[in-house]
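Single-structure report; data block below.
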């Protein structure tokens, strides 16, 4: 599966925020890939059947309000960033700290990219049925 660059005609910025509004971030609308992850860690982190996210280089996301309200679980090589007040999962730092996986649910603006596949369906919730025609991968392709 090709997770190559997603080209956009401009460097439009998207706004994202947590549930309570304490934290706001900006991210470039130049995501490299977007997926629906069904692994048990993403299910537990979101409390949902899967985590829809888009990946981008870490430098293209900036917290513009409420950085002191960030609760970090993990370290500089990989972590989840949540709001201390409401608990919203905003993004995950991944791939040796070089990329972030931005959770679609925290974006206020609509990104130009859409998820292209389901990953880790080998461990998906037994009570959930995938009802779209996107490719399904047992693990990470």
Per the C-alpha gyration tensor (a ≥ b ≥ c, the square roots of its eigenvalues), the chain is rounded if a/c is under 1.5, else prolate if a/b beats b/c, else oblate; here it's oblate
Among 72, 130, 56, which one shows the highest mean-square fluctuation when the chain is modelled as a Gaussian network with alpha-carbon springs under 10 Å? 130
Subtracting the Cα-Cα distance from 0.36 nm times the residue separation, let me have the gained length for residue 40 to residue 15 in nm, one decimal. 6.2 nm
Given a Förster distance of 41 angstrom, what is the FRET efficiency for residue 116 paired with residue 73, based on the Cβ-Cβ distance and rounded to 0.05? 0.90
Helical contribution to [θ] at 222 nm, DSSP H n ≥ 4, -39,500 (n - 2.57), averaged over the chain, rounded to 500: -1000 deg cm²/dmol
Given an 8 Å cut-off on Cα distances and at least 6 residues of separation, report the relative contact order of the chain as a percent. 27
What nm distance separates the two modelled labels at residue 132 and residue 58, each placed 7 Å from Cα along Cα→Cβ? 2.9
From the square roots a ≥ b ≥ c of the eigenvalues of the alpha-carbon gyration tensor of the range 78-134, which class results: rounded (a/c under 1.5), prolate (a/b over b/c), or oblate? prolate
Once you sort the root eigenvalues of the Cα gyration tensor of the range 13-61 as a ≥ b ≥ c, which label holds: rounded (a/c under 1.5), prolate (a/b larger than b/c) or oblate (the other case)? oblate
A correct fewest-to-most ranking of 128, 91 by other Cβ atoms within 10 Å would be 128, 91
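Just so you know, all these numbers are worked out from the coordinates, no wet-lab data involved. All values reported here derive from a predicted model rather than from experimental measurement. Because the Cβ atoms are built from the backbone with ideal geometry, glycine has one as well, and the counts that use them run over all protein chains shown.
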